[in-house]
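K.L.:
Below is the structure I would like to discuss, written out as structure tokens.
Just so it is clear, none of the values below were taken in a lab; they were calculated from the coordinates. Predicted model, so just to flag it, every value in this text is computed and none were measured. Virtual Cβ from ideal backbone geometry, glycine too; neighbours counted across all protein chains shown.
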Amino acid sequence: QRGRPQALPRSGRGHRLAPGRAVRATRIDPVSLQVFSRAAECTSWAELAAAAQTCAACPELVGSRSTVVVGDAPAGARLALVGEAPGAEEDRTGRPFVGKAGQLLNRMIGAMGLKREQVFIANVVKCRPPGNREPAPDEVATCTPYLVRQLEIVRPTVIVTLGRPATQYMLQTKQSMS
């Protein structure tokens, strides 16, 4: 059913990101379901990273990316920082938040008394959009099964969103942040 939000299937553990609310995509299509199925089958971070590296679900992103930026997830991370998509430097290095925004983020993490190596850092979309544009809603819907599975594997205590697309996805809203 195009245009009508559908709940993504839950993992066998029944984990939900928000109490009493299922995670919703903007639409469920065969490609998104295939991505969800691949992500849901992964039982470890390494398996999930390998599955994401071979993803070709978004042709425009696949054609412009250098690499898939899966994220950093240290064992036992209690804090998760979720951004929208990789930038140019992240696409080059394969690590999230390593450009100018990453330098600021590192200082903020330090101000909290933590080290970057203690924090789960990822993006909603794992490939850099062309021209560093904001991820399109269908790209977010297609890629979020990887993020959902990442959060299920890491199980952080606190999730902080960085930017409007990540916030809108996690809160399941289209409201602006202004």
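K.L.:
Along the Cα→Cβ direction, 7 angstrom out, place labels at Asn106 and Leu79. What is the inter-label distance in nm?
P.N.:
1.6 nm
K.L.:
If amide H atoms are built 1.01 Å from N in the plane of the peptide, which residues on other chains or at least 5 residues away come under 5 Å of the amide H of Gly87?
P.N.:
Long-range HN contacts for Gly87: Phe97.
K.L.:
Hey, with R₀ at 30 Å, roughly what FRET efficiency would Ile159 and Asn132 work out to, going by the Cβ-Cβ distance, to 0.05?
P.N.:
The formula returns an efficiency of 0.80 here.
K.L.:
Starting from the Cα gyration tensor of region 65-178, take the square roots of the eigenvalues, sort them a ≥ b ≥ c, and report rounded, prolate or oblate (rounded when a/c is under 1.5, otherwise prolate if a/b is larger than b/c, else oblate).
P.N.:
It comes out rounded by the Cα gyration axes.
K.L.:
Here is a follow-up. Give me the number: length gained by fully extending Glu47 to Ser178, i.e. 0.36 nm times residue separation minus the C-alpha to C-alpha distance, one decimal in nm.
P.N.:
Stretched out fully, the Glu47 to Ser178 stretch lengthens by 43.3 nm.
K.L.:
Please list 156-165, 121-130 highest first by mean number of surrounding beta-carbon atoms within 10 Å per residue.
P.N.:
Put in order of decreasing packing, that is 121-130, 156-165.
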